[in-house]
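Read the structure below first, then the notes.
The values are calculated or read from the model by the stated rules, or taken from the named source; none is laboratory data. Given the structure is predicted, the values throughout are model-derived calculations rather than measurements. We place every Cβ from the backbone using ideal geometry, glycine too, and count neighbours over all the protein chains shown.
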Amino acid sequence: MYSVAVLGFVSFVLALILTPVCRNLFRRLGVLDQPDGLRKLHASPVPRIGGVPLMAAYIGAFAVLLVSPLAATRLVGTGLPIAWKILPGAALVFAIGLLDDLRGLKPWHKFAGQVVAAAVAIWAGVHVTSVGGVLMPPWLSLPITLVWLVGCSNAFNLIDGVDGLAAGAGFFATVTILLGALLTKNVALSLAMVPLAGALLGFLRYNFNPASIFLGDSGSLTIGFLLGCYGVLWSEKAATILGMTAPLMALALPLLDTAVAIARRFLREQPIMTGDTGHIHHRLLARGMTPRKTALVLYAACGIAASLSLLGSISHGQYMGLVMLVFCAAAWIGVQHLGYVEFGVAGRMFMGGAFRRHLSNELAVRSFDEALTASSTADERWAVICEACRQFGFTHAELHLNGQHFEKALADTNGDPVWNLEIPVDGGQLRLTRRFGESRMPTVLAPIAETLHKHLCGNGAASHTDSDAATSVGSSPAAP
C-alpha cells in the first residue's frame, strides 16, 4: 500500500515543481488567456496551458516509481493494464485540448476528436455495463459509454470558469473514486487514481484564486475524460445494484452544470455549443459572490456529493434508494435557488396548462393548413377560412381575391374596440378583424397569417417574399 502513498506524493511534488516552470515558459512564449470583461473576468493575461504540467506530473509519477528500486514496482507495471490502455484515448483528448489552447478549434472539430478518443477507450475495454442496477446489452452499452465519456470531458471543460473550480471539482471526484477503490480493495484503480489526486492538489496551489495559470482545454478535457473512464472501472467493481450511480454522484457538479446548460439553451433555442454566462458559477458571481467564495461554495457541493456517493458505495446499494432521494432533492433545491428564469417559465407553462394550450393551437394551425390544401375552389377555401377564423377568435373576415369579393361576420363585437390583420393575396387582400383582449390562440397569429398568405398567393409559391402581412388598429366594431 506504500506504493499508493509514494505515487501520490511524487505526483504532488512534480506538480508543485513543473507548474511554475511551465507557467513562466508560457508567459514568455505569449501563450496567454486574455480577459474580455464578459466571461473572462481575470484582471490581466494568464498562461492557459495548465494541462501540460498536470499531465506531466501524472505520468511522471508512474515513471519515477517504475525506475525506483521499490519492491512494488512490478505491481505498478502489471496491475494497471486497463490504465495503460486508456492512455491512447487520454493522449488524443489532451492533444485536441492542446491544439485548441494554441490555435483554436471549431466546436465540432473538438467534438469529433472526443468521439474518436471515446471509441479508443471503448476498444480498450471501458464499457458501461449497467445503469441503476439494470444490465445493458452490448448494442446499448456502446452509445451509453460514448455519451458518458464525451459528456464527462465537456462537463469539466464547461465548468472551468472560475479560478480553481474545475481542478478542485476534479480533485474531489478523484479522491471519491480513490476512496471507493480502496474500500473495495481495487488496487489497480487505486494506483491509477492517487497520482491524479496528487497532481491536481499540487496544481491547485497555483490555480486557486488568484490563479497564476489556467487549466486550459488540454487540462479540463483530459481530467474529465480520465475521470469518466475511471468512474466506469469503479462501477464495474462495485456492487451490481450501484452500476453508474456512484460515479454519477461523484462527478455531480460538472455533469449537473452541463445538463442545466443544455436545457437552458434548448429552451431559449440557442446553439448548444455556444458559450454563455448562465453556468452555475456565473449565477453565483451574479449574486455578488467573489470568485474565491464561489469556488469554496461549489467545493462544499462537491464534498456533499462525494459523501453521498461513498455512502451508497459503502452500503453496497442497501441504502442507495434513500441516498439517491437525498441527492436528487439537494440538486433540485440548489438549481431552484440559482433562479434560472427558463425553468420557472417552462414549469409554469407545463403545470398551468399553457403547454397543452400551445400544443392544441399548433395542431389547429396544422389542421387549417391541411384543410386549405385539400380545398380546390375559391368557395371551398372561403368556407374553410371562415370556419377556422371563427375558431381562432376573429370576429369578421373580408376577402378580395382576383376580382371576387367575400365577406362574413363571424361573431358580435358588442361595440368593443378591434384591430385588423391585413394579408396581401393575389389580386387583393384578406382582412381579418379581432377584438382587443381576445384570449383564444394569441400565440399563433403569425403562423395563421403565413398559412393564409401561402395558400392565397398563386399556387402557394414561396416567391412572394416582398409582401408582408400588415396590421392596422381601429376602435370601432367591424362592418356588418
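Observations on the model:
- Of everything listed in (1) touching a helix residue (DSSP H, G or I) at 6+ places or on another chain (Cβ under 9 Å); (2) in a loop (DSSP other than H, G, I, E, B); (3) not acidic (Asp, Glu), the single unmet condition for residue 104 is (1).
- So residue 375, is it modelled with pLDDT of 85 or more and within 42 Å of the chain's Cα centre (by Cα): no
- Residues being modelled with pLDDT under 85 and either not aromatic (Phe, Trp, Tyr) or not in a helix (DSSP H, G or I) (or both) - total across segment 70-101: 15
- Test result for residue 149, within 16 Å of the chain's Cα centre (by Cα), on the phi < 0 side of the Ramachandran plot and either buried (at least 24 other Cβ atoms within 10 Å of the Cβ) or not assigned by TED's automatic domain parsing to the domain that holds residue 252 (or both): yes
- Residue 398 being within 19 Å of residue 455 (Cα to Cα), of a type outside the set (A, V, I, L, M) and surrounded by fewer than 16 Cβ atoms within 10 Å (Cβ to Cβ): no
- Count of segment 85-130 residues which are within 22 Å of the chain's Cα centre (by Cα) and either surrounded by fewer than 18 Cβ atoms within 10 Å (Cβ to Cβ) or outside the structural domain of residue 216 (by TED's automatic domain parsing) (or both): 11
- The set of residues from segment 249-276 being of a type in the set (Val, Ile, Thr), more than 22 Å from residue 306 (Cβ to Cβ) and touching a helix residue (DSSP H, G or I) at 6+ places or on another chain (Cβ under 8 Å) comprises 272, 274.
- Checking each residue in segment 411-432 for being touching a Phe, Trp or Tyr at 6+ places or on another chain (Cβ under 6 Å) and surrounded by 15 or more Cβ atoms within 10 Å (Cβ to Cβ) picks out only 432.
- Filter pass, residue 381 being surrounded by 17 or more Cβ atoms within 10 Å (Cβ to Cβ), part of a helix (DSSP H, G or I) and at pLDDT 85 or above: yes
- Positions within segment 324-372 being among the small types (Gly, Ala, Ser) and either part of a helix (DSSP H, G or I) or at pLDDT 85 or above (or both), in sequence order: 329, 330, 331, 334, 344, 346, 347, 354, 360, 364, 367, 371
- Scan of segment 259-273 for residues that are without any contact (Cβ under 8 Å) to a residue 60 or more places away in the chain and either in a helix (DSSP H, G or I) or over 8 Å from the mean Cα position of the chain (by Cα) (or both), ordered by number: 259, 262, 265, 266, 269, 270, 271
- Search result, residues across segment 257-293 that are of a type in the set (Ser, Thr, Tyr), closer than 18 Å to residue 152 by Cα and modelled with pLDDT of 85 or more: 258
- Counting only residues that are free of Cβ contacts under 8 Å to residues at least 24 places away in the same chain, within 30 Å of residue 34 (Cβ to Cβ) and not charged (D, E, K, R), segment 99-131 holds 6 of them.
- Counting only strands (runs of 3 or more DSSP E) that fall entirely inside segment 403-476 and contain at least 2 residues that are modelled with pLDDT of 85 or more and among the polar types (S, T, N, Q), the qualifying elements are 428-435.
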